[in-house]
Amino acid sequence: MQPLVISRFATVNCLGAGTGAVLDALRMKRSGLAPCDFETAALDTWVGRIPALEELRIRRDLEDYDCRSNRMAQLGLEQDGFTDAMAAARERYGAARIGVFIGTSTSGILETELAYRRRDPQTRALPGSFRYHATQNSYSLGDFVRRYLGLTGPSFVVSSACSSTAKVFGNAARMIAAGVCDAAVVGGADTLCLTTLYGFHSLELTSRRPCRPFDPDRDGISLGEGAGFALLEKPAGLVASDAVMLLGVGESSDAYHMSTPHPEGAGAKLAMQRALGAARLGPADIDYINLHGTATRTNDAAEDKAVVELFGSATPCSSTKGATGHLLGAAGITEAVISILAAQHGLLPGSAHTRSVDPALKSDYLLDSRESRVRRVLTNSFGFGGSNCSLVIGIGG
Amino acid sequence: MRAYVEGVGLLGPGLRGWHESRAVLAGAEPYRVAPTAIPPSELLPPAERRRAGIPVKLALAVGWEAFMSAGRDAAATAAVFTSSSGDGEILHQICDTLTTPERGVSPTRFMNSVHNAAAGYWSIATQSREPSTSLCCYDASFAAGLLECATQVAVDARPVALIAYDQPYPQPLHAARPISGEFGVAFVMAPEATRRSFAAIDLEFMPYDKAETPLSDHALEAVRVSNPAARSLPVLVALARDGAEEVVLQYVAGAHLHVRIASCR
């Protein structure tokens, strides 16, 4: 594929607001996870919650869209000078020439959960204040971002569970290649809700401790919340030596099971191969792999197999979910931003909460953060439904 | 952007398959409203067949009809799924369960609650490891899917399937988001004219509002506006008439898609 410049990016999650705070936390291998105190959840699990959301005021002209996920998006858009950079991009390209491709898994479902609690005892009707279009519908998040940034280009929401905000990079790259738009905002948000907390609990996939990716005692995920956004543009002339580039996107399906990954990681391997192929790179060109690494028994075992088959055991890799928790639909953009930070700052992020590496897993898993030359990073996002996506991100042309 | 239509699948109120519905859509036979008849999916293994909800069955049925008439291998073809609501029955069940003291969410329901459930079951049913995407764009979900599908065909220069579907919500959600009559539609599209292709679709994103193309049959028009996936009907009618027509599909606020459909037989 034609490489694209990632000219601006923003992130917020339980490690902090903005790339500076997230980078510091990764360097120090700090985790943002804490025992679950979300809403009325009575579950023995840890989460990466962002308390600031509960006080946040949605921009006045978009009050109809007020819900936790759109607040999350707004908080993300306000980090790292992203909204200002988008105003400048809008001047440059025109509002109709910038696409908005946003990912989310749960959108504003929390709002619907709360509305169900306040049903009329007689008629069972939802309260009149319930705004389906602006909160529950999966597109509400894309609609909110499009309006927040004043953009009028092509837009939709991708909702493919935990690969959503990785896959939007592919949608944007195709739309730009086809000339439907000249630039695109990608990213998205996911927030804590009772559906995912109780749902993953029912599947026995949540850990009672902070999640420990690749640990011999790993026993499940910790849910988190967060948002991230990136501006993708076509390179204008020669690419600067420090430019952040999207080099490749690879997508695949498992064709195996709705909630369990293919045991040999066949779909995962195919996504990584396709991302490398799109970037015209070989496995040896990758300096660091940011793994999906959810800390379930099956994900980490399958992903390890796929990585070792393709890369051997010499490419440093780690999951950062012990630090951020699993951000579900927002995992892709969060880990894309972490991959950019790793490449920009020569950082190989260690794995918070992982005490030792499972001897059954054969990849070169990083327990501790260390500095190293990092030019090309591959990042994995895999979701329910066997939806896989890998991105290759690099520095310079 | 241009794509060639090789196969179509269709299920909706009174519309039992694309081939059975062509004469009705072309206006040669009268349209009669009837509940959507969704066949059980023969494609899925027994365990998955038990777990799959209505939207999954709908998506699989129309997708399979489109591939059968296109004569393409589904396992070798990328697919774009699009739906405004996904599985509204599951959303209701889960939200209802979360109001009970036990909050005993069913693991199967939770697993099937993801918006890409149809894409996941499709991949299992067809053994396809090719990429899929699962889109939502509220009332313009079909338009968004058509745009993404045509873009993939143009950029990746290979055939791509589009599968759009929507199911009504049960109460109390139905009052907040009224959708009627299950509706599913699928296209298999190719970058070049082939022995199988029968129409060319030219698609353009237009960044301003324009009145969308209505249907002249009042009963069909009522179907079109009552289900996001049925917003595809003007395209289906143009395909059924086998001539050359232009259709305006409403897209996101302040934008529309200009679609030219021309027979290429």
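Please specify each residue of segment A:177-211 satisfying the condition of being aliphatic (A, V, I, L, M), closer than 26 Å to A:A268 by Cα and part of a helix (DSSP H, G or I).
Listed by number, the residues that qualify are A:A177, A:L197.
If I ask for residues that are of a type in the set (S, T, Y) and either assigned to a strand (DSSP E or B) or in contact with a Cys (Cβ under 9 Å, 6 or more places away or on another chain) (or both), which ones from segment B:74-94 would you list?
Residues satisfying the conditions are B:T82, B:S83, B:S84, B:S85.
List, please: which pairs have Cβ atoms under 9 Å, are six or more places apart or on different chains, and start with a residue in segment A:104-115 that is more than 8 Å from every other protein chain (Cβ to nearest Cβ) and touching a residue at least 12 places away in the same chain (Cβ under 8 Å) and end with one that is in a loop (DSSP other than H, G, I, E, B) and among the acidic types (D, E)?
What qualifies is A:L110/A:E39; A:E111/A:D66.
Which numbered condition trips up A:P316, out of (1) in contact with a Gly (Cβ under 6 Å, 6 or more places away or on another chain); (2) surrounded by fewer than 24 Cβ atoms within 10 Å (Cβ to Cβ)?
Checking A:P316 against (1) in contact with a Gly (Cβ under 6 Å, 6 or more places away or on another chain); (2) surrounded by fewer than 24 Cβ atoms within 10 Å (Cβ to Cβ), the one that fails is (1).
Among the listed residues A:V249, A:V244, identify the single one that is under 17 Å from A:S160 (Cβ atoms), at pLDDT 95 or above, of a type in the set (V, I, T) and out of contact with any Pro (no Cβ under 7 Å at 6 or more places or on another chain).
Selected residue: A:V249, the only one of A:V249, A:V244 that is under 17 Å from A:S160 (Cβ atoms), at pLDDT 95 or above, of a type in the set (V, I, T) and out of contact with any Pro (no Cβ under 7 Å at 6 or more places or on another chain).
Among the strands (runs of 3 or more DSSP E) confined wholly to segment A:232-342, which include 1 or more residues that are in contact (Cβ under 8 Å) with a residue 12 or more places away in the chain and within 14 Å of chain B (Cβ to nearest Cβ)?
Answer list for segment A:232-342: A:244-253.
Residue-wise test of (1) buried (at least 24 other Cβ atoms within 10 Å of the Cβ); (2) of a type in the set (A, V, I, L, M, F, W, C); (3) out of contact with any Pro (no Cβ under 8 Å at 6 or more places or on another chain); (4) under 24 Å from A:G228 (Cα atoms).
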{"site": "A:H292", "(1), (2), (3), (4)": "yes, no, yes, yes"}
{"site": "A:E309", "(1), (2), (3), (4)": "no, no, yes, no"}
{"site": "A:K321", "(1), (2), (3), (4)": "yes, no, no, yes"}
{"site": "A:R355", "(1), (2), (3), (4)": "no, no, yes, no"}
{"site": "A:L367", "(1), (2), (3), (4)": "no, yes, yes, no"}
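Show me the strands (runs of 3 or more DSSP E) found entirely inside segment B:195-265 where at least 3 residues are over 16 Å from B:G145 (Cα atoms).
Once the strands (runs of 3 or more DSSP E) in segment B:195-265 are filtered for at least 3 residues that are over 16 Å from B:G145 (Cα atoms), what remains is B:244-250, B:256-263.
Could you tell me which residue of segment A:45-76 is farthest from A:T104 (Cα to Cα), considering only residues that are of a type in the set (D, E) and surrounded by 12 or more Cβ atoms within 10 Å (Cβ to Cβ)?
A:D64
Run A:E251 past the list (1) in contact with a Lys or Arg (Cβ under 8 Å, 6 or more places away or on another chain); (2) over 30 Å from A:L151 (Cα atoms) and report the number of the one that doesn't hold.
Answer for A:E251: the failing condition is (2).
Under the condition of being touching a Leu at 6+ places or on another chain (Cβ under 8 Å) and more than 9 Å from chain B (Cβ to nearest Cβ), which residue from segment A:163-175 is surrounded by the fewest Cβ atoms within 10 Å (Cβ to Cβ)?
Filtering first and then ranking leaves A:A172.
Mind checking which pairs have a first residue in segment A:365-392 that is more than 18 Å from A:P213 (Cβ to Cβ) and touching a residue at least 12 places away in the same chain (Cβ under 8 Å) and a second that is surrounded by 24 or more Cβ atoms within 10 Å (Cβ to Cβ) and among the basic types (K, R), Cβ under 9 Å, 6 or more apart or different chains?
Within 9 Å, the pairs are A:S387/A:K167; A:C389/A:K167.
Scanning segment B:152-167 for residues that are among the hydrophobic types (A, V, I, L, M, F, W, C) and farther than 19 Å from B:A61 by Cα, which turns out surrounded by the fewest Cβ atoms within 10 Å (Cβ to Cβ)?
Out of the qualifying residues, it is B:A157.
Output the number of the condition that A:I286 fails; it satisfies all remaining conditions of (1) over 13 Å from A:F382 (Cβ atoms); (2) surrounded by fewer than 23 Cβ atoms within 10 Å (Cβ to Cβ); (3) not hydroxyl-bearing (S, T, Y).
Of (1) over 13 Å from A:F382 (Cβ atoms); (2) surrounded by fewer than 23 Cβ atoms within 10 Å (Cβ to Cβ); (3) not hydroxyl-bearing (S, T, Y), only one is false for A:I286: (2).
Filter segment B:1-35 down to the residues that are under 16 Å from the mean Cα position of the chain (by Cα) and surrounded by 20 or more Cβ atoms within 10 Å (Cβ to Cβ) and list them by number.
Once the filter is applied, which keeps residues that are under 16 Å from the mean Cα position of the chain (by Cα) and surrounded by 20 or more Cβ atoms within 10 Å (Cβ to Cβ), segment B:1-35 yields B:V5, B:E6, B:G7, B:V8, B:G9, B:L10, B:L11, B:G12, B:P13, B:L15, B:W18, B:S21.
Only one residue in A:D190, A:D215 is within 13 Å of chain B (Cβ to nearest Cβ), touching a residue at least 24 places away in the same chain (Cβ under 8 Å) and charged (D, E, K, R), so which one is that?
A:D190
Please tell me if B:T133 is β-branched (V, I, T) and at the interface with chain A (Cβ under 7 Å from one of its Cβ atoms).
Spelling it out, B:T133 is indeed β-branched (V, I, T) and at the interface with chain A (Cβ under 7 Å from one of its Cβ atoms).
The values are calculated or read from the model by the stated rules, or taken from the named source; none is laboratory data. Since we're looking at a predicted model, the values are computed, not measured. Cβ sites come from the backbone with ideal geometry, for glycine too, and all protein chains shown count toward neighbours.
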